[in-house]
Every structure is written in C-alpha cells, then in structure tokens.
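Okay, handing you the structure first.
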Amino acid sequence: MKIEHLISQIHQKKSFLCVGLDTDLEKIPQHLLEDEDPIFAFNKAIIDATHSFCVAYKPNIAFYEAYGLKGWKSLERTMAYLNDKHPEIFTIADAKRGDIGNTSTRYAKAFFETLNFDSITIAPYMGKDSVEPFLAFEDKHTILLALTSNQGAFDFQTKKVNGGELYKEVLKVSKSYTNAERLMYVVGATKATYLKDIREIIPDSFLLVPGVGAQGGSLQEVCAYGMTKNVGLLVNSSRGILYASTGDDFAEAAANEAQKIQIEMEVELGKIHK
Ligand SMILES: O=C(O)c1cc(=O)[nH]c(=O)n1[C@@H]1O[C@H](COP(=O)(O)O)[C@@H](O)[C@H]1O
C-alpha cells in the first residue's frame with residue numbers, strides 16, 4: 001500500500017487507530033471454542049465490528065505461532081479475509097524479525113508475498129544488511145523498533161553511544177539505508193515525551209505507537225509530541241479493545257471501545273488544520 005492511501009484513509013475515517021489482533025484462546029468467549037477455527041471466528045467478529053473505526057490491523061504473530069499449524073492457518077484466513085473484504089486497511093505483521101541478508105529476504109517473502117501484509121515490525125540490532133532486504137519490496141513498509149513501550153527499553157535503547165542514546169542512533173543511521181523512505185518506526189506510547197526529540201531526527205516518518213489502553217499510555221500526549229501535518233501516527237490498542245468484554249457481547253464492546261478512541265482521535269486530527 002502506498003503511504004498516500006493510508007493518509008487518505010485516516011482523513012476519511014477520522015481515525016489513526018490500529019487494532020492489535022493479539023488473539024488469545026484463554027481470553028476469548030467460551031462459546032467460540034466450539035468453532036472449528038476459534039481464532040479466525042473471533043478475529044472475523046472483531047474485524048466486522050471495528051473496521052469502520054480503524055485504519056490498520058496488527059496481528060501479533062506470537063499469538064498464532066503458539067498454536068502451531070492451526071494458528072498459522074488462522075492467520076492465513078484472517079489475512080485472506082482482510083485482503084478480500086477490506087483491502088484499503090493497512091496490515092502489520094508484528095513479527096519483530098531481522099537476520100542475515102538471505103534469511104531476512106525469506107522472512108520478507110513470507111510476510112509480504114505469501115501472507116500479503118503491507119508491513120512488518122523489525123528489530124534493528126543486526127544492522128543495515130538485515131533491514132535492507134525488507135526495504136527492497138515496493139509499496140511495503142518496514143517498521144523498525146526504535147524506543148519500545150516496555151520497561152526493558154531502558155536496558156539498551158536509552159544507553160549512550162557516540163554521545164547520544166542508542167535509539168537515536170537507530171533513527172539516524174537507518175535514514176541512510178537504501179529505500180529508507182519505506183521505513184516506519186515503533187515508539188511506545190508510554191514514552192510519549194521522547195517524541196519531541198524523535199521528531200527532530202525523523203520529522204515526517206510514520207510511527208507505530210503501541211501502549212495506549214492496557215499499558216496506560218496517553219493518546220493526547222502522543223499526539224502533542226508526535227503528530228505531523230500528515231498525521232504520522234498509527235496508534236495501536238490490542239487487549240483494551242479485544243477483551244473489552246469476555247461475554248457474548250464481546251464484538252459490540254470492542255466496537256464501542258474502538259469508537260471511543262476514534263472520537264478522541266477525531267479531536268486530535270482537528271488540531272492539525274488549526
Ligand atoms: O511492535 C509492537 O507492536 C510493540 C512494540 C512495543 O514497544 N510495545 C508493544 O506493546 N508492542 C506490541 O503492541 C501490542 C500491545 O498490546 P496491548 O498492550 O494489549 O494494547 C502487543 O502486540 C505488543 O507486542
């Protein structure tokens with residue numbers, strides 16, 4: 001998907017919400033467990049209920065791999081459903097991959113071609129030749145982990161290298177990669193105040209911002225520091241939407257939660273034009 005299409009979808013829906021499909025068989029409503037494919041049944045109900053309030057879906061691959069072949073089938077069915085019913089919606093494989101060049105190319109083929117995702121999350125630790133194979137794919141996007149939402153982000157990401165923090169080095173160096181215009185970055189919503197410095201290095205790049213909802217990050221703070229004239233943000237919530245209710249009304253409750261965030265986003269988008 002071209003970035004212009006994502007931006008126009010954001011303005012059309014007045015939303016930059018990404019719904020994380022972290023589908024956990026221990027948390028979905030009991031009655032769905034009787035379905036031959038409970039993960040897909042849950043995802044389909046969530047997609048049907050929330051698609052008008054969001055512009056992206058982010059299946060976290062761990063939640064599918066955990067169930068082996070069955071889980072992978074559910075992921076394939078979810079992607080086929082999204083690509084068929086909602087091709088305008090941006091899809092993110094939250095896989096956090098990255099390896100030596102020829103292996104990265106295989107990962108890229110798996111997610112960009114076989115599963116037809118628009119983007120994938122990548123760990124930058126192995127450097128240029130581990131990231132560029134993903135960037136070689138036209139109209140696909142590589143989302144590099146910069147400053148993550150968890151406590152462990154302080155173990156390495158904020159440590160000083162060359163006089164600046166490591167996450168800033170990731171941002172600066174990655175700008176020189178071939179096809180760097182296809183890069184996006186992960187910045188946790190729990191680190192919103194860092195966005196001011198981050199925007200000085202990457203003023204226009206799109207950011208995937210997880211950590212609102214269950215992890216407690218503030219949407220308003222993220223927007224105050226991170227929003228650009230082209231929005232530049234995809235804000236993810238997973239558990240806060242998926243498990244808003246664990247009863248029979250789970251899809252309706254998910255829709256309500258997604259709509260609540262969309263309404264807050266509409267207010268934030270209104271500030272861009274002022
Ligand atoms: O790459 C991610 O999406 C990610 C990066 C990060 O720094 N923090 C983070 O929580 N995530 C993912 O975003 C989702 C957050 O889920 P909730 O906390 O349930 O909204 C999970 O799938 C995490 O794996």
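Tell me which of these Ala110 doesn't satisfy, since it passes every other one: (1) exposed (fewer than 13 other Cβ atoms within 10 Å of the Cβ); (2) more than 14 Å from the ligand (Cβ to nearest atom).
(1)
Sort through Ala123, Ala146, Ala110, Ala192 and tell me the only one that's in contact (Cβ under 8 Å) with a residue 40 or more places away in the chain and of a type in the set (Gly, Ala, Ser).
Ala146
Here's something else I'd like to know. If I go through segment 58-93 residue by residue, how many of them are within 16 Å of the ligand (Cβ to nearest atom) and under 15 Å from the mean Cα position of the chain (by Cα)?
The number of residues fulfilling the criteria is 10.
Now a separate question. Picking from Ile198, Ile263, Ile272, which residue would you name as being away from the ligand (no atom under 16 Å from the Cβ), part of a helix (DSSP H, G or I) and either closer than 21 Å to Leu166 by Cβ or not charged (D, E, K, R) (or both)?
Being away from the ligand (no atom under 16 Å from the Cβ), part of a helix (DSSP H, G or I) and either closer than 21 Å to Leu166 by Cβ or not charged (D, E, K, R) (or both) holds for just one of Ile198, Ile263, Ile272, which is Ile263.
Within segment 14-33, which residues are more than 10 Å from the ligand (Cβ to nearest atom) and hydrophobic (A, V, I, L, M, F, W, C)?
Phe16, Leu17, Leu25, Ile28, Leu32, Leu33
Is there a residue being modelled with pLDDT under 95 and surrounded by fewer than 18 Cβ atoms within 10 Å (Cβ to Cβ) anywhere in segment 150-162?
Within segment 150-162, one or more residues are modelled with pLDDT under 95 and surrounded by fewer than 18 Cβ atoms within 10 Å (Cβ to Cβ).
If you go through segment 216-239, how many residues are buried (at least 17 other Cβ atoms within 10 Å of the Cβ) and within 13 Å of the ligand (Cβ to nearest atom)?
Number of matching residues: 8.
Still on this structure: Against the definition (closer than 30 Å to Gln30 by Cα, part of a helix (DSSP H, G or I) and either more than 18 Å from the chain's Cα centre (by Cα) or within 11 Å of the ligand (Cβ to nearest atom) (or both)), how does Ala251 come out, yes or no?
Considered against the rule, which asks whether it is closer than 30 Å to Gln30 by Cα, part of a helix (DSSP H, G or I) and either more than 18 Å from the chain's Cα centre (by Cα) or within 11 Å of the ligand (Cβ to nearest atom) (or both), Ala251 comes out as yes.
Right, another one. Within segment 223-247, which residues are closer than 21 Å to Leu269 by Cα, over 14 Å from the mean Cα position of the chain (by Cα) and part of a loop (DSSP other than H, G, I, E, B)?
Met227, Lys229, Asn230 - these are the residues of segment 223-247 that are closer than 21 Å to Leu269 by Cα, over 14 Å from the mean Cα position of the chain (by Cα) and part of a loop (DSSP other than H, G, I, E, B).
Just for segment 180-195: of the residues that are assigned to a strand (DSSP E or B) and of a type in the set (A, V, I, L, M, F, W, C), which one is nearest to the ligand (Cβ to nearest atom)?
If we take residues in segment 180-195 being assigned to a strand (DSSP E or B) and of a type in the set (A, V, I, L, M, F, W, C), then Val186 is nearest to the ligand (Cβ to nearest atom).
The values are calculated or read from the model by the stated rules, or taken from the named source; none is laboratory data. Treat the numbers as computed from the prediction; the structure is a model and nothing was measured. Neighbour counts are summed over all protein chains in view; Cβ atoms, including those assigned to glycine, are modelled from backbone coordinates with ideal geometry.
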